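The values are calculated or read from the model by the stated rules, or taken from the named source; none is laboratory data. From a predicted model like this one, the values you see are computed outputs, not experimental measurements. Quick reminder, even Gly has a Cβ in these numbers, built from the backbone with ideal geometry, and neighbours come from all protein chains shown. All accessible areas refer to the heavy atoms of the entire protein, side chains included, with ligands and DNA or RNA removed. Shrake-Rupley method; radii C 1.70, N 1.55, O 1.52, S 1.80 Å.
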Amino acid sequence: MSRINLNDLDPSFKHRVAEQPGGQGIKACFACKACTAACPITAVDARYDPRKIIRMALLGMTEEILHSDFIWLCSSCYGCQEVCPQNVSFTEVMFAIKNLAAAEACVPPGLTGQRLLLKAHGRLYEISDFENEKREKMGLPRIKEHPEDYDALLG
Ligand code: SF4
Ligand code: SF4
């Protein structure tokens, strides 16, 4: 087991998470582990543990969280929120943590690629003449891409 150097901890991290929309409940967690027991991702990948992520955030392990790949494993199914006795809204806490990671450009390449596709085509799959010609043969209308719809969202 790796040791934690207290000098590396960032006490402000929990406050930064709590300031994000949906992150307010993080400080109410009393580590009961009900969220972990309900999480379908934990069931298939032990690296992902909601209770552990909250403890790390409360301790101030900012770098370990924001630079990790496991925070992106959450499927946003809301199962954890339904069982939390403290109304922590852990799914929202994960959105808050991922937003903080994205603000520091700590985003997996796959998600960066999806962002580029959305920005270029307004969808995650480019619609070419090939697809539209097939649609016309089937009597379906052509699809026009609207990447401008995502300008405000993607910056
Ligand atoms: S269920 Fe709620 S209180 Fe229990 S560990 Fe998870 S977030 Fe914390
Ligand atoms: S929202 Fe994320 S953390 Fe919560 S149960 Fe679903 S996968 Fe697990």
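Sites listed here are trypsin sites (Lys or Arg not before Pro) in segment 44-85 whose DSSP assignment is loop and whose Cβ has at most 12 other Cβ atoms within 10 Å: Arg47. Is the shape of segment 39-110 best called rounded, prolate or oblate, per the rule: a/c under 1.5 gives rounded, else a/b larger than b/c gives prolate, else oblate, with a ≥ b ≥ c the square roots of the Cα gyration tensor eigenvalues? In terms of gyration-tensor shape, prolate.
Restricting segment 1-77 to chymotrypsin sites (Phe, Trp or Tyr not before Pro) that sit in a DSSP loop and have at most 11 other Cβ atoms within 10 Å of their own Cβ leaves Phe30.
Note on the chain: Cα-Cα pairs beyond 21 Å make up 55% of the total pair count.
A straight line joining the Cα centroids of segment 1-19 and segment 31-87 runs 16 Å.
Normalised by the number of residues in the chain, what is the relative contact order in percent for Cα pairs under 8 Å and 6+ residues apart? Taking the mean separation of contacting Cα pairs over the length of the chain, I get 22 percent. Take the chain and mark each of the GluC sites (Glu not before Pro) that is in a DSSP loop with at most 14 other Cβ atoms within 10 Å; the longest unmarked stretch, sites excluded, is 1-103. Among the chymotrypsin sites (Phe, Trp or Tyr not before Pro) within segment 95-155, those in coil by DSSP and having at most 10 neighbouring Cβ atoms inside 10 Å are Tyr125.
Per residue, how much accessible surface does segment 109-154 expose to a 1.4 Å probe? Answer in Å², no decimals.
Values: 3640 Å² over 46 residues.
With all protein chains present, segment 109-154 gives 79 Å² per residue.
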